[in-house]
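Handing you this structure, nothing more for now.
Please treat every number below as a calculation from the coordinates, not as lab data. The structure displayed is predicted, hence computed values, not measured ones. A quick note on method: Cβ atoms are made from the backbone with ideal geometry, for glycine too, and the neighbour counts reach across all protein chains shown.
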């Protein structure tokens, strides 16, 4: 087992209250990786308090989505360990309204797959895999040899991988990505065409948010992020449905 895996596993075992966060404007890889990790912790460490916070809910129904705590502002509570998924560090996860990154004394773990490094993290797991979802699943399988991939975990795994690989059109898929995908589909065959179709439909009120998202894009090495401000929402009368659909499109 890799030393980074052992270190994060050790931090998990020592922590009673664990918070999972992901980047602003979460995509399906962000949701899937966070939910898979949360379910792993709930299953093997049922006495621990595990919370997954995100800025919004997924635009499609996915397994365990009801366990996502939607938060417009993220402040410090009593967490002892914070795990950032699909993110290299705080810049990707916090807004000007948040205070958690300024006040928390919790240990910080990062599970990512981009070519970026968070120097302030206590442990970083990043093997440049196809997606954060693949990286989280690899961690779970290596840490727990008896890790069981259920139908729901299989669905989340496939969703995270196909969206971040462009259905394997991008160069980020490696041989182990295909091996994992075959294993996941052996458990449950997700209807990829149906998922992609539902994911591609855009309501009319998403067009203006798409324009704003594009105008606000920031690029850091191989990673990019964008946002819509509260002022944008108020000034242009943006709807929650439109913003969420636009974010998933971008």
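Using a Gaussian network for the chain with springs between C-alpha atoms less than 10 Å apart, which of these wobbles most: 113, 23, 101?
With Cα springs under 10 Å in the chain, the top fluctuation among 113, 23, 101 is at 101.
Alpha carbon centre of the stretch 6-72 versus the stretch 105-183: separation in Å?
Computed from Cα coordinates, the inter-centre distance equals 14 Å.
Another one. What ranking do 93, 140 get, fewest neighbouring Cβ atoms within 10 angstrom at the top?
Arranged by neighbour count, lowest to highest, 93, 140 become 140, 93.
Taking neighbour counts of Cβ atoms within 10 Å as a proxy for exposure, in what order, fewest first, do 187, 149 appear?
Ascending number of Cβ neighbours within 10 Å: 187, 149.
Right, something else. Students often get this wrong, so try it: which of (1) 35, 22, 17; (2) 27, 23, 16; (3) 43, 20, 16 is semi-axes √(5λ) of the Cα gyration tensor in Å as calculated from the structure shown?
It is the one labelled (2).
Also, quick follow-up: Which order, highest average first, do 156-168, 71-83 follow once you tally other Cβ atoms within 10 Å for each residue and take the mean per peptide? Please report the intermediate quantities before stating the final value.
Values: 156-168: 22.5, 71-83: 17.6.
So the peptides 156-168, 71-83, ranked by packing, come out 156-168, 71-83.
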